[in-house]
Each structure stands twice: as structure tokens, then as C-alpha cells.
1. Going by the structure shown, is VAL31 part of a loop (DSSP other than H, G, I, E, B), more than 32 Å from the chain's Cα centre (by Cα), modelled with pLDDT of 90 or more and within 30 Å of THR10 (Cβ to Cβ)?
2. Just checking, which of ARG50, ARG65, ARG73 is under 26 Å from the mean Cα position of the chain (by Cα), surrounded by 13 or more Cβ atoms within 10 Å (Cβ to Cβ) and free of Cβ contacts under 8 Å to residues at least 40 places away in the same chain?
3. If I filter region 51-65 down to residues being part of a helix (DSSP H, G or I) and out of contact with any helix residue (DSSP H, G or I) (no Cβ under 7 Å at 6 or more places or on another chain), which single residue comes out as modelled with the highest pLDDT?
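The values are calculated or read from the model by the stated rules, or taken from the named source; none is laboratory data. For clarity, every value in this text was computed on a predicted model and none was experimentally measured. Ideal geometry is used to build each Cβ from the backbone, glycine not excepted, and the neighbour counts take in all protein chains shown.
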Amino acid sequence: MSQQQRKRYTPEFRREAARLVIESECPIARVAAEIDVSAGLLCWWVEAERERAGLDDGLSRAELRAENARLRRELAESRMDNEFLPKAPPSSPRSNEGGKVRANAAGGCVRRTQVCAPRPGEAVV
């Protein structure tokens, strides 16, 4: 029983076949049947050509992986920083507990808060 020799395809043929799939947007199986190669092999060529040429945004998969890793590290650092930030006290200007908002003559908003008695030892202004 003799072994069948594997077909060898030139790099130019591989790139052209992959470009045919990418540019025509035809299914890989159809293009593979037209050029007489297996769909799995053509799929590998298309993947390699997309990697070589870069994706739509101009970044290769390796560059996207590197950027993704950098962004994950940055997010983890930001989360750690946020854990140590103090919480806003209830009397902060961002809190709206008990205060009412009305418009002033200039069109801006003025917050009216409840008036509290001065603390012992505080000067009344």
C-alpha cells in the first residue's frame, strides 16, 4: 500500500485563498470546494491571514491580548485604590438627606438645609 503524498501549497496561494474568503464574505466551505482544499485547512489560512494583516481596528490578536492584560491590571489597581478611599460623610454636599433645592434669581440652585444649633464653644457667625 503506497502512501499518498501531501499536497504542498505556496504561501502566495494560501494568502490569495484566504483573501478570497475575507473579501468575498463567502462561506469557507464554498470557497474551499471551488479551489479544491479542505475547509479546515482554508479556515487555518484565513485565521493566519487575518492575524498577519491585523484586525479591523489595525491591531493584531497579540496586540489585543497585550492591551487586554494591561487594562485588566489597570482595573485591578483602580479597584484596590477605591477600596481604601473613605466613604463620603452624610453631611457632604453630595448627600441630599433632608435638604431641599430651589432655584435662585440667577438660575442656579441653592440648597436649603436644616439649621442646627451651634455646638458648645463654637462662635456664631
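1. Values: part of a loop (DSSP other than H, G, I, E, B): no; more than 32 Å from the chain's Cα centre (by Cα): yes; modelled with pLDDT of 90 or more: yes; within 30 Å of THR10 (Cβ to Cβ): yes.
Criteria not met by VAL31.
2. Numbers: ARG65 fails: surrounded by 13 or more Cβ atoms within 10 Å (Cβ to Cβ); ARG73 fails: surrounded by 13 or more Cβ atoms within 10 Å (Cβ to Cβ).
Answer to the check: ARG50.
3. Just the residues of region 51-65 that are part of a helix (DSSP H, G or I), to begin with: 51-53, 61-65.
Those still in the list that are out of contact with any helix residue (DSSP H, G or I) (no Cβ under 7 Å at 6 or more places or on another chain) too: 52-53, 62-65.
Values: ARG52: 80, ALA53: 76, ALA62: 82, GLU63: 82, LEU64: 82, ARG65: 89.
Only one residue tops the list, namely ARG65.
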